Amino acid sequence: MNPPLFQRWLSYLWPIAIEKKSSEWNPALEVTLYRGHYVLDSENANYSFGLLHKVMQDALLHASVKYQCRFEKVLLLGYGGGSAAQIIHTRWNPQAEITAVEIDPVVIALAQKYFYSERVHFVCANAAQAIGEDTQTYDLILCDLFRDTEMPAFCTSAVFYQNLKSRLSVGGLFIQNIMSREQEFLRYKAVFESNWREIDILQRVRYNYLLFGRPKV
């Protein structure tokens with residue numbers, strides 16, 4: 001949905017609230033028009049097309065340049081408004097097959113109404129369960145799972161990581177988005193390093209880390 005021209009103009013002066021929703025998984029979701037573009041936020045975090053969009057641009061650029069990621073088959077765990085999907089299709093591979101696992105049907109509905117959902121196959125499910133049942137392999141798996149600012153506990157479990165490894169094609173890449181303070185991040189980093197090789201870390205925003213890894217052989 002494209003915003004009316006007068007709203008786009010006004011949004012350069014101040015953010016305009018467009019729609020508010022709540023769900024079992026997200027008590028506060030808000031679509032805002034800011035500087036001519038829709039933005040999806042939870043109560044305390046940007047879910048898509050705000051600050052997170054730049055973070056995803058940097059992550060996917062790094063995946064392409066350093067890891068030569070093919071972006072032919074992509075799995076997104078956590079969708080938001082589809083920043084990552086939009087960047088992949090417009091900048092890296094318009095024909096990429098993208099599967100998105102998102103537990104919140106309200107988030108999916110908002111993405112389809114206001115944001116990016118073109119050529120994306122949606123699976124409305126718990127990510128850990130979906131990974132355990134999946135039989136496909138992917139060139140890239142990007143994990144961006146949050147409930148507001150909280151990451152599900154399973155996101156750094158050995159079982160979850162083992163299931164993810166089995167879903168990566170040869171040479172495939174895993175990227176995990178983590179938000180935490182420094183001491184907690186050091187614990188996450190240690191777990192990540194024990195499960196993945198070619199570890200790489202980007203930090204573009206305070207308390208926001210992107211971890212890159214491939215399966216250990």
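Some points to look at:
- Each Lys or Arg adds one and each Asp or Glu subtracts one; over the other residues with Cβ under 12 Å from the Cβ of Met56, this totals +1.
- Residues listed by number, region 71-101, amide nitrogen under 15 Å from Ser169 label point at 7 Å toward C-beta: 71-76, 93-99
- 19 Å Cα-Cα threshold exceeded, pairs from Lys73/Lys216; Lys54/Lys216; Lys189/Lys216: Lys73/Lys216; Lys54/Lys216
- Candidate lysines for bridging to Lys20, where Cα separation is under 23 Å - those fewer than 8 sequence places away on the same chain excluded: Lys113
- Helix-derived mean residue ellipticity, 222 nm - over the chain, DSSP H n ≥ 4, -39500 (n - 2.57), to 500: -9000 deg cm²/dmol
- DSSP beta bridges fully contained in region 53-215 are about 40 percent antiparallel.
- Of the GluC sites (Glu not before Pro) in region 1-32, those whose Cβ has at most 12 other Cβ within 10 Å and which sit in DSSP loop: Glu24
- Shown here for region 1-105: trypsin sites (Lys or Arg not before Pro) in loop regions (DSSP other than H, G, I, E, B) with at most 15 other Cβ atoms within 10 Å, namely Arg35.
- Qualifying trypsin sites (Lys or Arg not before Pro) in region 113-167, where qualification requires a DSSP coil assignment and no more than 14 other C-beta atoms within 10 Å, comprise Arg119.
- Helical segments meeting 18 Å axial Cα length and Kyte-Doolittle -0.5 threshold in the chain (DSSP H): 51-67
- Exposure proxy order (Cβ contacts within 10 Å, fewest to most) of Leu10, Leu164: Leu10, Leu164
- The distance from the alpha carbon centre of region 166-194 to that of region 91-109 is 21 Å, rounded to a whole number.
- Note on region 34-118: dipole from Cβ charges, positive end direction compared against Gly50, His89, Tyr116; the farthest Cα belongs to His89.
- Dipole magnitude of the chain about its Cα centre (Cβ charges: Lys, Arg +1; Asp, Glu -1), debye to nearest 20: 540
FYI, it's all coordinate maths here, none of it is from the lab. Note that the coordinates shown come from a computational prediction; the quantities given were computed from them, not determined experimentally. Counting neighbours? That spans all protein chains shown, and the Cβs are built from the backbone with ideal geometry, glycine included.
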